[in-house]
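The values are calculated or read from the model by the stated rules, or taken from the named source; none is laboratory data. Since this is a predicted model, take the numbers as computed values, not measurements. Positions of Cβ are backbone-derived with ideal geometry, glycine not excepted, and every protein chain shown enters the neighbour counts. Surface accessibility is based on the protein's heavy atoms, side chains included, excluding ligands, DNA and RNA. Shrake-Rupley method; radii C 1.70, N 1.55, O 1.52, S 1.80 Å.
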Amino acid sequence: MASLKDIRKRIDSVKRTQKTTSAMKMVSAAKLRRSEDNIRQATPYAKELKSVVSSLSTRFSGEEQDTGFGRLFRDTGGKRTGVILVTTDRGLCGGFNANLSKVLAQQLADEDIESAEFVILGRKGNDFFKKTSHKILANHTGTQPGEQLGLVREIVSDFTRRFEAGELDQVNLAYNHFFSVISQVPVIEQLLPIKPLETETVDEREIIFEPSPEDILETLLKKYVQNQVYVSWLDTIAGEHAARMTSMDAATKNAGEIIDKLQLHYNRTRQAAITSELIEIISGAESL
Amino acid sequence: MANQLSLEVVTPHRTVLIEDVDSVTLPGIEGELGILPEHIPLLTILDTGIMSYTSNGNKQVIAVHWGYAQVEGNSVRVLAELAETAEEIDLQRAKEAEKKAKNMLVSGISSTTDLEDEQSRQKKYEGKLKRSIVRQTVAQFH
């Protein structure tokens, strides 16, 4: 049985851990608010872009397979796959990254894709996929908020160029969608070929286009793909903080439970020691 | 407000501006465009340049870096990759960027012999140069 001193040591150690976890929870809560704000700021742009792209694409019948933007819709059905995986740099956020990586690995296995080409944002995704048969082209870690958009632009234009040149058959995007603080869901989206957007009505109004509508659509489609990746990154960042907040909250609670249990154990042991000492003294006095 | 335009400028980072204005001038990719109320619907790609608008007789400028504009009825929506108002621009930094970009273009020691790489490198610095000049023009307006 553990001595009183040992138990006291354990209680202290658990208390220290609890301090850390509750501090981390508080930090994540603050960061979460900021990153949720970022998502809110980015939403109008994403919405407008989507509505323009979808209204513009109704002007075309979808038979322009070889023209500039038509190539972005071309589905070859092949298996050469590129993946943009968005994860976080740090752990201690529950199954946030692991779930996503597992879902992605499973889907690739289901589709019989053995060596997809990965560009990974965040250290955690890299840790998972470097042990697999997939090829990691690049892993970006420690990216500052100001550099995100530029980095996304680079990655996406590289993939787009290779897709257009016919080197890749599809490009997927994997990230955690941020529904709410308690719910983040792994999502795997097909970036390229672009899935035809659901459109309400055919836009036939007379509009001046500068330059031609084809050129505008091609440019905007590429922007649209870029923006999807950017938004998914913002989602992931908010999701990371939310997940960490939840798991650190759970950890703090668990630590509290352990402390209670240990404290009870400590009191009982102490009482038992006193009792046995008393018995010793009394029986010693009686024998005199 | 039939004789006013509602102007909206958004970037991926934030909404820069929502205001009712009298007229807007846009840096279209094929030349400058002046927009007044009751303009015909228009969709255009924007170049790096200076966008200006007047509201109540005051002229304001914004630097935009790549984007597109949609004119529909009396609303003008500008979606730019980056949009900065005069107050937000760091003049000193823009000047330094101009100098650096110029240096790279003029004395540019090319790190590659590949023609395509060299062209894309030149294009990159030309873009930087243009951005820095636009920034300075806008900043001086302040």
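Among the residues of region A:176-196, some residue qualifies, meaning at least one is polar (S, T, N, Q), surrounded by 16 or more Cβ atoms within 10 Å (Cβ to Cβ) and within 25 Å of A:Ser28 (Cα to Cα). For region A:86-95, does any single residue satisfy the condition of being surrounded by 17 or more Cβ atoms within 10 Å (Cβ to Cβ), within 14 Å of chain B (Cβ to nearest Cβ), not polar (S, T, N, Q) and not in a helix (DSSP H, G or I)? Checked against the condition, which is being surrounded by 17 or more Cβ atoms within 10 Å (Cβ to Cβ), within 14 Å of chain B (Cβ to nearest Cβ), not polar (S, T, N, Q) and not in a helix (DSSP H, G or I), region A:86-95 yields no hits at all. For A:Asp112, the criteria (1) on the phi < 0 side of the Ramachandran plot; (2) open to solvent by 50 Å² or more (accessible area, probe 1.4 Å) hold in every case but one, which is (1). Could you list, ordered by first residue, the pairs with Cβ atoms under 6 Å in which the first is in region A:220-243 and touching a residue at least 12 places away in the same chain (Cβ under 8 Å) and the second is open to solvent by 10 Å² or more (accessible area, probe 1.4 Å) and among the charged types (D, E, K, R), at least 6 apart or interchain? As it stands, the answer is A:Gln226/A:Arg153; A:Ala238/A:Glu36; A:His241/A:Lys31, since those pairs meet every condition given. Remark: A:Lys261 falls outside the filter, which requires a residue to be outside any helix (DSSP H, G or I) and under 36 Å from the mean Cα position of the chain (by Cα).
Does B:Ala101 satisfy the condition of being over 17 Å from the mean Cα position of the chain (by Cα), open to solvent by less than 60 Å² (accessible area, probe 1.4 Å) and in the same structural domain as B:Gln122 (by TED's automatic domain parsing)? Yes: the conditions hold for B:Ala101.
When the residues of region A:10-62 are filtered to those that are of a type in the set (Gly, Ala, Ser) and at the interface with chain B (Cβ under 10 Å from one of its Cβ atoms), the one that is most open to solvent (accessible area, probe 1.4 Å) is A:Ser51.
Let's see how each residue does on (1) under 23 Å from the mean Cα position of the chain (by Cα); (2) within 14 Å of chain B (Cβ to nearest Cβ):
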position: A:Val181; (1), (2): yes, no
position: A:Val185; (1), (2): yes, no
position: A:Leu192; (1), (2): yes, no
position: A:Pro196; (1), (2): no, no
position: A:Asp235; (1), (2): yes, yes
position: A:His241; (1), (2): yes, no
position: A:Ala250; (1), (2): yes, no
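Where strands (runs of 3 or more DSSP E) fall wholly inside region A:108-225, the ranges with 1 or more residues that are among the charged types (D, E, K, R) and in contact with a strand residue (DSSP E or B) (Cβ under 8 Å, 6 or more places away or on another chain) are A:117-121, A:135-140, A:183-192, A:208-210. Of the residues B:Gly57, B:Gly34, which single one is over 24 Å from A:Lys50 (Cα atoms) and within 14 Å of another protein chain (Cβ to nearest Cβ)? So the residue among B:Gly57, B:Gly34 that is over 24 Å from A:Lys50 (Cα atoms) and within 14 Å of another protein chain (Cβ to nearest Cβ) is B:Gly34.
Criterion applied to A:Leu137, A:Leu108, A:Leu121, A:Leu168 was being within 30 Å of A:Val27 (Cβ to Cβ) and either aliphatic (A, V, I, L, M) or in contact with a helix residue (DSSP H, G or I) (Cβ under 6 Å, 6 or more places away or on another chain) (or both), and the one residue passing it is A:Leu121. Taken over region B:60-98, the criterion of being open to solvent by less than 60 Å² (accessible area, probe 1.4 Å) and more than 14 Å from chain A (Cβ to nearest Cβ) is satisfied by B:Val61, B:Ile62, B:Ala63, B:Asn74, B:Thr85, B:Ala86, B:Ile89, B:Leu91, B:Ala94, B:Ala97, B:Glu98.
Residue-level analysis places B:Ile45 outside the set of residues that are more than 13 Å from chain A (Cβ to nearest Cβ), farther than 18 Å from A:Gly150 by Cβ and either part of a strand (DSSP E or B) or out of contact with any Leu (no Cβ under 9 Å at 6 or more places or on another chain) (or both).
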